[in-house]
Amino acid sequence: MRARYGVPLGITAVGAAGLAYAAGFEVRSFRLRRVTVPVLPQGMRPLRVLQVSDIHMVGGQRKKQRWLQSLAGLRPDFVINTGDNLSDPEGVPETLDALGPLMNFPGAYVFGSNDYYGPKLRNPARYLFERASGRHGLNGNAPVVGAIHNPWEELRDAFDTAGWVNLTNTRGSLKIDGMEIALTGLDDPHIKRDRYDRVAGGPQEDADFSMGVVHAPYLRVLDAFTADRYPLILAGHTHGGQLCIPFYGALVTNCDIDPDRVKGLSTHLAGGHQSYLHVSAGCGTNRYTPVRFACPPEATLLTLVPRD
């Protein structure tokens, strides 16, 4: 009896323990990632950029709200929000409460698909099938039918009122201690709302520094930014793989970027040029899959320094 059932029962116990850890602890184990990126022109002072992404706020997530509020203590030069703030149509007030202290700093934002549309229950195995087929989001799949529409306009209006720059398929800039930081942003490629032709042409020539911002790091977008010689691109969307294998990494990315670059700092090559790419693993999850394993929720403080 023991020889026949011992191993299956042991596997079941380990699986249950892993699920309890992923859902009960790690998903609320918020971390701050610190990264130094050598992208500024010589002689320019370092810039501290706080990137927040994929908050996926659901009502009642008090610990997440307090943690996001506490990030204001970092005193960044500016904040970049790379989208997917919501996972609940009723979550706008709590999202704005969580981001309130950060909205006192200069900032800019793009939206992700979950800002526009509410999440739907789906089989997690579909992410594996989509990776194998190369079809993600609306990029090759059928259009979403019967989607819940989130009140994203309320988020937009609050961000705009706070002075954050809306980078939806457009350009903008921030003034930081007399320096002009030029920003070029795109709407979410995951649902084919990106329009790079509207912002093409490369960095702003008279700016002190330029960078690209997008929610989902699809290769067509990374190629375009890099070929146009942007030194830095910020993105989110991937959740860092969300459910990862220790010492191996992510199984899926939910877009066409390779798993080795699913989170953190890397480089991208296109058109004979190279850009730095930072992908945030984000600090939330879809409300229907509130688990993380070997991929804790995060925000990132990027310190931009002069190039060698």
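Structure notes:
- Once Cα extents along the principal axes in Å is calculated for the structure shown, the corresponding label among (i) 56, 44, 37; (ii) 76, 42, 41; (iii) 64, 47, 36 turns out to be (ii).
- Along each principal axis, Cα extent of region 214-308, largest first, Å: 39, 27, 26
- DSSP-defined beta bridges in region 45-194 - what % are antiparallel, rounded to 5: 45 percent
- Region 62-148, accessible area per residue, ligands and nucleic acids excluded (1.4 Å, Å²): 45 Å²
- Rounded if a/c under 1.5, otherwise prolate or oblate - region 117-160, Cα gyration tensor axes: prolate
- Exposed loop sites were defined as GluC sites (Glu not before Pro) in DSSP loop states (anything but H, G, I, E or B) carrying at most 13 other C-beta atoms within 10 Å; in the chain the longest segment without such a site runs 91-204.
- Estimated distance in nm for a label pair at A227 and N166, the labels positioned 7 Å out from Cα along Cα-to-Cβ: 2.9 nm
- Per atom type, the chain shows carbon and sulfur on 55% of its accessible surface, probed at 1.4 Å.
- If you take the Cα centroid of region 179-197 and the Cα centroid of region 103-170, the two points sit 13 Å apart.
- Residues with amide H under 5 Å from that of L232, placed H, sequence gap 5 or more: G212, Y276
- Candidates per trypsin sites (Lys or Arg not before Pro) in region 137-205, loop by DSSP, up to 15 other Cβ within 10 Å: K192, R195
- Bridge type composition, the chain - antiparallel percent by DSSP, nearest 5: 45 percent
- Per-pair calculated FRET efficiency, R0 = 30 Å: V305 and N104 via Cβ, rounded to 0.05: 0.75
- Using alpha carbons only: equivalent-ellipsoid semi-axes of region 154-237, gyration tensor based, whole Å: 20, 18, 10
- Inter-centroid distance (Cα atoms) of region 33-91 relative to region 234-261, Å: 19 Å
- Förster radius 22 Å - calculated FRET efficiency between S173 and R198 (Cβ-Cβ, nearest 0.05): 0.85
The values are calculated or read from the model by the stated rules, or taken from the named source; none is laboratory data. Just so we're clear, the structure is a prediction, and the values are computed from it rather than from any experiment. Please note: Cβ atoms are built from the backbone with ideal geometry, for glycine as well, and neighbour counts cover all protein chains shown. What goes into the accessible areas is simple: the full protein's heavy atoms, side chains included, and nothing from ligands, DNA or RNA. Shrake-Rupley method; radii C 1.70, N 1.55, O 1.52, S 1.80 Å.
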